[in-house]
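So the structure is just underneath, and the comments pick up after that.
The values are calculated or read from the model by the stated rules, or taken from the named source; none is laboratory data. Everything quoted here is computed from the prediction, not taken from an experiment. Please note: Cβ atoms are built from the backbone with ideal geometry, for glycine as well, and neighbour counts cover all protein chains shown.
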Ligand code: MG
């Protein structure tokens, strides 16, 4: 073949490719739906959704993980949702989202939101694979080069916390969350200590006044030792009374926080109006939210600075992109929640949204052991305070289904969990 003939043939191929693309692709159908529950070779309670299509080899993956309700999610996918989805066109993401959301008539249940989110991620994955593009390209393309993440530093006392924050700074992290003594830490009276009711609760107990005393002092020391540059975050885990929350926000003001997270339980979110009036400490809220009725007023009234929803709990990529748009209009920023119980598919869904939204604030980090990277090839990489995907079409991640199913879900531990913190008199302190 001479050079001229070769060039003509190449041109013909290009024209044919273009004509085929411009005609659109043949209509797809959902042919099979699988729930993949797994503890992933560790202690996770993850449920992945796999949507298979009429195009051989084309499928999508989504995250339906919910550490507290995994068995209910598996059953609901199989019994309730699969019959509704089979035969539908997976290209119609928005319509499938909307119709799935009202299929149960009642909406905003946690289980339904997890499944809706997983469906949405899987459909975006399919569309990306079909287009030969990563999902972030379909969402409008990158507005940043990588996704900044914040690390989790903890310690038994201020010196240990400071050392751990410093280590993350040395690794390149610009944002670090600092806690002291884990969940509720800084405000716990040790088990068996203090004046207790006879024959009553004897476990580790939360006390708001102790918390208000210890945590601002911790941050005073962090700033004194580590200087003004590091961006500091702290998670209250919702344990304060409304006036305690107002007081705490004021006491944290001198330490110029990047944000204080979940200062109130979701039942008391109207109090954010009060907090905003008396302090400039930035507020982040929303990892417990499941309904737009919770986050829309906080964003539109500008009473929070960061919205913290979990992408797999509020409706997936489609919902997160809409929330980010609302945030952009009202000057609020995003800080999608991750947390140790979360999975790599949800993390990547958040990543694709993060890359494309002007209202991005920060992304919570989550790192996984090597066994998870083996089970889920394409799991995002964390390097120097940034999150990196692989640029492959779709979400860029897969689940080795057979290997994952070899690690079944573990039965729920009986009795109380970290969600049921109690005070000295044995009464519940709501998360
Ligand atoms: Mg939190």
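With the condition kept exactly as written, say whether any residue in the stretch 366-378 is farther than 28 Å from residue 94 by Cα and in contact with a strand residue (DSSP E or B) (Cβ under 8 Å, 6 or more places away or on another chain).
Scanning the stretch 366-378, I find at least one residue that is farther than 28 Å from residue 94 by Cα and in contact with a strand residue (DSSP E or B) (Cβ under 8 Å, 6 or more places away or on another chain), so the answer is yes.
If residue 315 satisfies every condition in (1) surrounded by 24 or more Cβ atoms within 10 Å (Cβ to Cβ); (2) within 15 Å of the ligand (Cβ to nearest atom); (3) under 18 Å from residue 111 (Cα atoms) but one, which is the exception?
Just one mismatch for residue 315, condition (2).
Which ones in the stretch 151-167 are surrounded by fewer than 19 Cβ atoms within 10 Å (Cβ to Cβ), over 17 Å from residue 217 (Cα atoms) and touching a helix residue (DSSP H, G or I) at 6+ places or on another chain (Cβ under 8 Å)?
166
Out of 385, 361, 331, 339, report the one residue that is at pLDDT below 95 and within 29 Å of residue 281 (Cα to Cα).
339
Quick one: residue 362 ticks every box in (1) in contact with a helix residue (DSSP H, G or I) (Cβ under 8 Å, 6 or more places away or on another chain); (2) within 16 Å of the ligand (Cβ to nearest atom) bar one, so which box is it?
For residue 362, the failing item is (1).
Does the stretch 253-270 include one or more residues that are more than 24 Å from the chain's Cα centre (by Cα) and either within 16 Å of the ligand (Cβ to nearest atom) or buried (at least 19 other Cβ atoms within 10 Å of the Cβ) (or both)?
Yes: the stretch 253-270 contains one or more residues that are more than 24 Å from the chain's Cα centre (by Cα) and either within 16 Å of the ligand (Cβ to nearest atom) or buried (at least 19 other Cβ atoms within 10 Å of the Cβ) (or both).
Limited to the stretch 323-357, what total is found for residues that are within 16 Å of the ligand (Cβ to nearest atom) and part of a helix (DSSP H, G or I)?
So the answer is 3.
Inspect all residues belonging to the stretch 112-133 and state whether any of them is without any contact (Cβ under 8 Å) to a residue 60 or more places away in the chain and under 30 Å from residue 409 (Cα atoms).
Taking every residue of the stretch 112-133 in turn, at least one turns out to be without any contact (Cβ under 8 Å) to a residue 60 or more places away in the chain and under 30 Å from residue 409 (Cα atoms).
For the stretch 9-32, indicate whether the set of residues that are at pLDDT 95 or above and not in a strand (DSSP E or B) is non-empty. Explain how you work it out, then say what you get.
Step one: filter the stretch 9-32 for residues at pLDDT 95 or above, giving 28-32.
Restricting the remaining residues to those that are not in a strand (DSSP E or B) gives 28-29.
Checked against the condition, which is being at pLDDT 95 or above and not in a strand (DSSP E or B), the stretch 9-32 yields at least one hit.
Among the residues that make up the stretch 54-71, is at least one of them surrounded by fewer than 16 Cβ atoms within 10 Å (Cβ to Cβ), at pLDDT 95 or above and part of a helix (DSSP H, G or I)?
Looking through the stretch 54-71, at least one residue is surrounded by fewer than 16 Cβ atoms within 10 Å (Cβ to Cβ), at pLDDT 95 or above and part of a helix (DSSP H, G or I).
Could you tell me how many of the residues in the stretch 323-350 are within 23 Å of residue 100 (Cα to Cα) and out of contact with any helix residue (DSSP H, G or I) (no Cβ under 9 Å at 6 or more places or on another chain)?
Of the residues in the stretch 323-350, 1 are within 23 Å of residue 100 (Cα to Cα) and out of contact with any helix residue (DSSP H, G or I) (no Cβ under 9 Å at 6 or more places or on another chain).
From 240, 298, 288, which residue is part of a helix (DSSP H, G or I) and either within 15 Å of the ligand (Cβ to nearest atom) or touching a helix residue (DSSP H, G or I) at 6+ places or on another chain (Cβ under 7 Å) (or both)?
298
In this structure, is residue 277 without any contact (Cβ under 8 Å) to a residue 40 or more places away in the chain, touching a helix residue (DSSP H, G or I) at 6+ places or on another chain (Cβ under 6 Å) and surrounded by fewer than 20 Cβ atoms within 10 Å (Cβ to Cβ)?
no
Quick one: how many residues across the stretch 178-219 are outside any helix (DSSP H, G or I), at negative phi and touching a residue at least 12 places away in the same chain (Cβ under 8 Å)?
Result for the stretch 178-219: 20.
Given the structure, is residue 408 loosely packed, with under 15 Cβ neighbours inside 10 Å, at pLDDT 95 or above and closer than 27 Å to residue 363 by Cβ?
Considered against the rule, which asks whether it is loosely packed, with under 15 Cβ neighbours inside 10 Å, at pLDDT 95 or above and closer than 27 Å to residue 363 by Cβ, residue 408 comes out as no.
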